[in-house]
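Everything below concerns the one structure shown next.
Please treat every number below as a calculation from the coordinates, not as lab data. None of these values were measured; they are calculated from a predicted model. All Cβ positions, glycine included, derive from the backbone under ideal geometry; neighbour counts span all protein chains shown.
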Amino acid sequence: MINESVRKFGLINTIEGYSYIILVFIAMPMKYLMDIPLAVKIAGMAHGVLFIIFLYLGVKAWISTKWSLYQTIIFFIASLLPFGTFFTKSKIKAYE
């Protein structure tokens, strides 16, 4: 049986990871190298909203799967590291 909370968490995990990459590797250079600060405002806002959704869905998945607090913290810390969310993908898939 597919756990809908975990599936949504896995999806937002990936999207949020891509938004972070876009913010750091596209929008930030546009701001500082091309003097286009609007790029960071737009990408930063999108990333912030996606991160809040990520946290919400992470808590929902934690409650529905009864993950340990340790595992939930690992998922959260991985989301703060560049490319970290991509390494947790296989662990999330195991709970679907």
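Angle check, please: helix 69-80 long axis (alpha carbons) against the longest principal axis of the chain (alpha carbons), in degrees 0 to 90, nearest 10.
Result, in degrees: 20.
Between helix 4-22 and the chain, what is the angle of the helix's C-alpha long axis to the longest principal axis, kept within 0 to 90° and rounded to the nearest 10?
For helix 4-22, the angle is close to 20 degrees.
What distance in nm separates the simple spin-label points at I15 and I73, each placed 7 Å from Cα in the Cβ direction?
2.9
What nm value, rounded to one decimal, do you get for the distance between I26 and L80 when each label is placed 7 Å out toward the C-beta?
With each label placed 7 Å out from Cα toward Cβ, I get 2.6 nm.
For helix 38-65, what angle does its Cα long axis make with the longest principal axis of the chain, in degrees from 0 to 90 and rounded to 10?
10
Under the √(5λ) rule applied to the eigenvalues of the Cα gyration tensor, what semi-axes describe the equivalent ellipsoid of region 4-95? Give them in Å, descending.
Details: eigenvalues 162, 28, 18 Å².
The three semi-axes for region 4-95 are 28, 12, 9 Å.
By counting other Cβ atoms within 10 Å of each Cβ, how are T65, T14 ranked from fewest to most? Please report the intermediate quantities before stating the final value.
Working: T65 17, T14 14.
Final ranking by Cβ density, sparse to dense: T14, T65.
Quick check on the exposure proxy: order Y20, Y56 from fewest to most C-beta atoms within 10 angstrom. Please list the in-between numbers first.
Numbers: Y20 21, Y56 13.
Neighbour counts put them in this order, fewest first: Y56, Y20.
Which of V59, G44, I21 sits farthest toward the positive end of the charge dipole of the chain, with +1 on the Cβ of Lys and Arg and -1 on the Cβ of Asp and Glu?
V59
Points 7 angstrom from Cα along the Cβ direction at K91 and A46: gap in nanometres?
Placing both labels 7 Å beyond Cα along the Cβ direction yields 2.8 nm.
For a quick check: sort I77, I53 by the number of other beta carbons within 10 angstrom, fewest at the front. All intermediate terms of the calculation are to be shown ahead of the outcome.
Values: I77 11, I53 15.
Ascending Cβ contact count within 10 Å gives the list I77, I53.
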